[in-house]
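Comments concern the structure below.
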Amino acid sequence: MRPVPRARVSRALSVVAALALPLALTPVAAHADSTPTPADRELISSVTAPAVKRHLRALQDIADGNDGTRAAGTSGHDASRDYVAATLRKAGYKVTLQPFNFPFYQEKSTAQLERTAPAPKPYAPTPPDGSTVGDFATMSYSGPGEVTAPLQNVDLVLPPGPAPGSTSGCEPADFAGFTPGNIALLQRGTCNFLVKAQNAQAAGAAAAIIFNEGQTGRTETLRGNLGTPVSIPVVGTSFVVGQELSAPAGTVVRLKTDTISEMRTTHNVIAESRWGDPGKVVMAGAHLDSVVAGPGINDNGSGSAAVLSVAEALGKVHTTNRLRFAWWSAEELGLLGSRFYVGSLAPADLATIKLYLNFDMIASPNYALKIYDGDNSDAQGAPAGPPGSDEIEKLFETYFDSLGQGHNGTDFDGRSDYGPFIKAGIPSGGLFTGAEDTKTPEEAALFGGTAGRPYDACYHQACDTIANIDDTALALNTGAIATAVVVYAFSTDLPGPGTGATARMAPAAPGARLLGQVTR
């Protein structure tokens with residue numbers, strides 16, 4: 001494999017040094033054959049960890065001024081979009097706001113469910129933040145409403161069969177004889193929840209209750225997602241609750257849901273450099289939206305702010321390859337923004353994207369430094385990424401190795417915006433510091449922190465604020481992002497078939513390390 005020219009290595013490692021200094025960390029020593037030019041020095045000095053924190057504070061301020069959220073389809077996301085776009089325009093980019101429609105959903109307050117006849121009985125709700133799981137839960141994209149009406153069973157299989165197979169509510173014929181205005185009681189199985197809810201709505205049901213089917217592993221409270229807005233209230237329950245509601249004749253139920261469920265418009269932010277070969281696009285991205293429940297400063301203000309700082313530094317630099325940066329919307333709803341973007345490109349335009357780098361959560365408070373497993377060397381979950389993904393993984397490994405900093409792999413599990421690019425055959429890679437899963441003892445020994453605790457205990461919660469950021473992880477990963485983007489911006493040997501071998505970095509001087517690498 002052919003190395004990147006040593007001048008490129010010098011530039012890349014100097015970026016790491018510039019990032020480290022503002023946080024009082026020791027700069028990385030580089031083996032370099034050439035001294036960075038004055039223009040390079042200006043570029044390097046402009047990419048700093050305090051600059052990333054400044055963007056994070058701006059995103060926090062935006063959330064604070066917009067009901068504590070930056071979710072797609074909210075004023076908080078619109079303000080985040082405008083902040084990023086204005087910063088990029090000032091940096092010299094051609095900025096495009098790419099609109100797309102998506103189903104917006106918010107549960108505004110906790111639902112209520114009670115049997116009012118023949119014997120009154122209330123049921124415990126699952127609150128919107130999911131902090132506890134009750135007897136029932138509002139299904140995502142349920143309509144709002146308050147209904148008190150007779151309950152009507154729809155093609156139930158009770159007792160349940162030995163294997164899943166209920167077709168309750170899957171065919172319009174299941175509702176033959178259904179009394180409009182009643183509440184439909186449905187059972188999980190065979191078709192998706194949306195089909196059941198839409199068939200109930202078409203039959204005139206005032207609301208729908210879908211209970212779990214009853215086999216082993218299918219008894220707990222359903223916390224379903226309809227995927228598309230419906231107009232009637234829809235909740236999921238445990239098997240025990242559903243079976244109980246189905247039994248007495250003359251059962252009357254009161255159900256109340258308080259939701260917003262509608263189609264809205266949001267935007268991806270795409271920034272294109274004015275320099276470099278337009279046939280060789282180096283692309284990096286992060287999702288800009290939070291969940292409705294919180295401001296999303298680690299998830300994913302951290303990735304968004306770091307990519308924005310790197311983009312600022314490179315906006316007026318004449319690179320060899322064309323740079324393109326993206327801030328995706330509606331990632332939290334199923335990678336909707338990145339899927340829309342990739343799907344909107346003609347094959348010829350898609351072919352110009354030579355690699356994609358993704359950064360989603362890079363400063364988790366109980367962090368591990370995870371690199372996407374491009375070559376599937378960990379043999380976990382998904383297979384290797386498209387050819388060239390292994391080379392991107394190697395670049396990040398070499399970056400951390402040059403600091404004497406441990407790292408480990410993370411599976412291409414499809415949970416972030418690299419997914420559509422991998423599906424399109426584009427070499428991909430990136431970094432991740434962990435979400436709701438728990439840190440292992442081995443990771444605690446390698447990175448510090450607490451084993452057995454989540455990487456981010458505030459994941460998808462209101463407490464994901466500026467206080468939820470680990471500065472050491474942020475500095476290390478911002479250095480890696482800057483290094484990768486600079487190396488690939490100038491490389492004539494990009495990853496992937498027909499574009500050359502991986503860019504390699506020279507190692508740091510013996511003993512060079514970041515002082516922030518300590519056990520916490």
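The values are calculated or read from the model by the stated rules, or taken from the named source; none is laboratory data. If you're wondering where the values come from, they're calculated on a predicted model, not measured in any experiment. In this analysis, Cβ positions are derived from the backbone assuming ideal geometry, glycine residues included, and neighbour counts consider all displayed protein chains. Note: areas computed on protein heavy atoms with side chains; ligands, DNA, RNA excluded. Shrake-Rupley method; radii C 1.70, N 1.55, O 1.52, S 1.80 Å.
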Next item on the list: State all residues of region 80-130 that are surrounded by 15 or more Cβ atoms within 10 Å (Cβ to Cβ) and on the phi > 0 side of the Ramachandran plot; if no residue qualifies, say none.
Entry: G92
Item checked: Index of the failed condition, M263 passing every other in (1) within 23 Å of the chain's Cα centre (by Cα); (2) of a type in the set (A, V, I, L, M); (3) buried (at least 24 other Cβ atoms within 10 Å of the Cβ) -> (3)
Checklist line | Where P144 falls short, out of the listed (1) in contact with a helix residue (DSSP H, G or I) (Cβ under 8 Å, 6 or more places away or on another chain); (2) open to solvent by 30 Å² or more (accessible area, probe 1.4 Å); (3) under 18 Å from V230 (Cα atoms) | finding: (1)
Next item on the list: Quickly run through region 354-386 and pick out the residues that are surrounded by fewer than 20 Cβ atoms within 10 Å (Cβ to Cβ) and in contact (Cβ under 8 Å) with a residue 40 or more places away in the chain.
Entry: none
Notebook entry, point to check: H407 is checked against (1) open to solvent by 40 Å² or more (accessible area, probe 1.4 Å); (2) touching a helix residue (DSSP H, G or I) at 6+ places or on another chain (Cβ under 7 Å); (3) closer than 22 Å to V47 by Cα and fails just one. What number does that condition carry?
Noted result: (3)
Next item on the list: Could you tell me which residue of region 445-465 is farthest from D67 (Cα to Cα), considering only residues that are among the aliphatic types (A, V, I, L, M) and in contact (Cβ under 8 Å) with a residue 40 or more places away in the chain?
Entry: L446
Check: Looking at region 376-421, which of the residues that are more than 23 Å from D437 (Cα to Cα) and acidic (D, E) is farthest from the chain's Cα centre (by Cα)?
Finding: D401
Next item on the list: Write out, first by first residue and then by second, each pair whose Cβ atoms fall under 6 Å of each other, whose residues are 6+ apart or on separate chains, and whose first residue, in region 150-171, is among the hydrophobic types (A, V, I, L, M, F, W, C) while the second is assigned to a loop (DSSP other than H, G, I, E, B) and open to solvent by less than 60 Å² (accessible area, probe 1.4 Å).
Entry: L151/T251; V154/S168; V154/G169; L156/S168; V157/S166
Margin query: So the check is Cβ under 6 Å with 6+ separation or different chains; which pairs have a first residue in region 429-444 that's over 15 Å from D456 (Cα atoms) and of a type in the set (F, W, Y) and a second one that's open to solvent by 20 Å² or more (accessible area, probe 1.4 Å) and assigned to a helix (DSSP H, G or I)?
Written below: none
Next item on the list: Identify the residue in region 273-311 that is open to solvent by 10 Å² or more (accessible area, probe 1.4 Å) and within 14 Å of the chain's Cα centre (by Cα) and, among all such residues, is farthest from G434 (Cα to Cα).
Entry: V292
